[in-house]
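Bear in mind that the values in this text are calculations on the coordinates, not laboratory data. Treat the numbers as computed from the prediction; the structure is a model and nothing was measured. Cβ: placed from backbone, ideal geometry, glycine included. Neighbour counts: every protein chain shown.
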Amino acid sequence: MARTYGFDTLQIHAGARPDPATGARQVPIYQTTAYVFRDADHAAALFNLQEVGYIYSRLTNPTVAALGERIATLEGGAGGVCCSSGHAAQIMALFPLMGPGRNIIASTRLYGGTVTQFSQSIKRFGWSAKFVDFDDLAALEAAVDDDTRAIFCESIANPGGYVTDLPAVAAVADKVGLPLIVDNTSATPFLCRPIEMGATLVVHSTTKYLTGNGTVTGGAIVDSGKFDWSASGKFPSLSEPEPAYHGLKFHETFGPLAFTFHSIAIGLRDLGMTMNPQGAHYTLLGIETLSLRMERHVANAKKVAAWLEADPRVDFVTYAGLPSSPYAERAARVYPKGAGALFTFAVKGGYEACIKLVDSLELFSHVANLGDTRSLIIHSASTTHRQLSPEQQKAAGAAPNMVRVSIGIEDADDIIADLDQALAKATA
Ligand SMILES: *Cc1c(COP(=O)(O)O)cnc(C)c1O
């Protein structure tokens with residue numbers, strides 16, 4: 001029997017093979033928009049989806065495909081599709097499932113941009129989201145109605161301090177017969193593999209830890225291949241004849257790859273949210289060191305969070321990796337390799353002290369990003385969340401006295417020293 005490679009091996013090799021034309025060892029950047037057909041019959045077979053191959057880079061590109069296969073492998077999924085951003089991945093994940101009048105049940109604890117996308121923009125498609133506290137499993141189940149088509153949450157949630165009980169949420173999704181979509185951006189497949197816990201689809205912003213170097217925006221969708229799209233009659237895009245493909249039924253034809261083929265043949269073709277090969281290349285380079293970086297991110301986050309919690313200038317720290325966290329037991333059970341590297345803390349002195357802290361830090365960068373090798377900080381109340389009311393800010397974990405940090409992989413002592421000197425100035 002062939003050996004099953006471990007995560008460290010797969011993050012380097014999955015999806016990549018020496019270039020058949022040149023033997024190039026690293027995945028080449030196939031900087032091309034189109035691919036020559038062998039002959040007219042070949043072209044016809046490709047357009048009929050009777051043969052798999054490259055037609056046009058809005059649909060597929062070899063560099064981008066290598067990344068899609070690598071992410072799918074690391075997540076333990078049947079197929080993966082890359083797209084232009086994490087937000088694009090979310091729309092692409094919902095697209096085959098939804099229709100006018102349909103809704104999703106979404107966790108209240110989501111990345112701010114996702115809250116906006118789900119509460120405002122998707123309404124323009126006639127879709128809607130009901131936000132529920134996913135710690136209340138009875139409320140989650142009760143929110144499902146005949147028009148619900150998916151359940152959506154993050155594994156380790158942004159802005160941090162909260163971890164979802166994925167096996168428990170997946171059990172509810174299973175009971176009501178709906179796909180569970182998990183945004184695994186903050187955890188990455190190194191810390192969490194949602195498909196093993198019952199998720200149907202996994203979405204990523206590859207902009208963050210998967211690329212890991214703050215160079216490109218990108219996204220990905222991984223399908224477990226395990227959901228029966230035909231059983232309920234609720235997913236006609238996947239189970240019924242597709243008029244744009246001569247009545248082809250995706251689920252019947254492609255089985256566990258139905259969602260993946262639909263995402264390429266219909267989603268990328270008609271929505272055009274495509275990842276470019278140069279972007280895929282940067283992410284392929286970054287992902288080779290994912291496990292090494294995540295181990296260091298987690299080790300540093302634990303040290304920094306513990307130091308902050310013990311500091312009298314800090315009111316409290318919300319990090320699920322701290323023994324004092326209300327989610328410590330769940331974090332250890334569901335995320336045994338660590339609770340990520342993203343958390344918030346409250347500074348004594350409130351809004352003004354937070355502003356001073358951010359301005360006094362030298363090693364930390366003040367940016368609206370996360371998951372970089374560098375340590376990052378943002379004062380959400382004066383930036384990303386400044387349009388919200390104080391009550392909304394508090395509910396979003398972005399109260400005026402709080403800052404969010406994304407702990408990098410520098411020396412932990414240097415990160416702590418920088419926070420120490422800036423806290424001194426902020427609270428003087
Ligand atoms: C950044 C982020 C997104 C959005 O991804 P983009 O690549 O910025 O579009 C979605 N979910 C989470 C958890 C994120 O951190």
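About the centre of its Cα atoms, the chain shows a dipole size close to 300 debye [charges on the beta carbon of Lys, Arg (+1) and Asp, Glu (-1) only; nearest 20 debye]. A crude spin-label estimate for the pair residue 22 and residue 411, with each label 7 Å from Cα along the Cβ direction, gives 4.0 nm.
Bridgeable lysines around residue 249 (alpha carbons under 16 Å apart, same-chain partners fewer than 8 residues away excluded): 234. Would you compute the Debye intensity of segment 68-123 from its alpha-carbon atoms alone, equal scatterers and no solvent, and pass along log10 I(q)/I(0) at q = 0.26 Å⁻¹ to two decimals? Those come out to -1.13, one per q. Proximity of backbone amide H atoms, modeled 1.01 Å from N, is registered between residue 130 and 104, 105, 106 at under 5 Å, excluding neighbours fewer than 5 places apart on the same chain. For the pair residue 328 and residue 137 in one chain, pulling the backbone fully straight at 0.36 nm per residue adds 66.9 nm over the alpha carbon distance.
Residue 92 sits among other residues whose Cβ lies under 15 Å from its own Cβ, and their net charge, with Lys and Arg +1 and Asp and Glu -1, is 0.
Once you list every other residue whose beta carbon is under 14 Å from the beta carbon of residue 295, what net charge do they have if Lys and Arg are +1 and Asp and Glu are -1? Let's see the in-between values first.
Details: positive: 293, 296, 302, 303, 337; negative: 8.
Net local charge, residue 295 excluded: +4.
The label point for residue 374 and the one for residue 43, both projected 7 Å from the Cα toward the Cβ, are 4.8 nm apart.
Relative to the Cα centre, the charge distribution of segment 290-426, modelled as +1 at Lys and Arg Cβ and -1 at Asp and Glu Cβ, gives a dipole magnitude of about 440 debye.
Pick from 84, 107, 232 the residue whose mean-square fluctuation is largest in a GNM of the chain, springs joining Cα atoms under 10 Å. Judging by the Gaussian network model, the answer is 232. The Rg/Rh ratio of segment 7-286, with Rg taken over Cα atoms and Rh as the Kirkwood radius over Cα pairs, comes to 0.96.
From the C-alpha coordinates alone, can you work out the Kirkwood hydrodynamic radius of segment 290-426, in Å? By the Kirkwood definition, the hydrodynamic radius is 15.0 Å. Taken along the Cα-to-beta-carbon direction at a fixed 7 Å, the label points for residue 421 and residue 391 span 4.3 nm.
For residue 320, the amide hydrogen comes within under 5 Å of the amide hydrogens of 161, 162, counting only partners 5 or more places away or on other chains and with H modelled in the peptide plane.
Build a GNM of the chain with springs between Cα atoms under 10 Å apart, and of 368, 265, 220 the one that fluctuates most is 368. Largest mean-square fluctuation among 258, 44, 339, in a Gaussian network model of the chain whose springs join Cα atoms under 10 Å apart, belongs to 44. Think of the chain as having a plus end and a minus end, set by charges on the Cβ of Lys, Arg, Asp and Glu; of 225, 343, 322, 343 sits farthest toward the positive end of this dipole. The residues neighbouring residue 397, those whose beta-carbon lies less than 12 Å from its own, together hold a net charge of +3 under the Lys/Arg +1, Asp/Glu -1 convention. If R0 equals 30 Å, the separation of the Cβ atoms of residue 5 and residue 226 corresponds to a calculated FRET efficiency of about 0.85. Taking a point 7 Å out from the Cα of residue 352 in the direction of its Cβ, the residues of segment 285-321 whose backbone N falls within less than 19 Å of it are 313-315.
When both segment 346-383 and segment 281-299 are represented by their alpha-carbon centers, they are found 23 Å apart.
Using r as the Cβ-Cβ distance of residue 246 and residue 116, and R0 as 60 Å, what FRET efficiency do you calculate, to the nearest 0.05? Write down the numbers at each step before the final one.
Details: r = 39 Å, r/R0 = 0.64.
With a Förster radius of 60 Å, E is 0.95.
Would you mind putting 131-140, 403-412 in packing order, based on average other-beta-carbon counts within 10 Å, highest first?
Working: 131-140: 16.2, 403-412: 22.7.
Output ranking for 131-140, 403-412: 403-412, 131-140.
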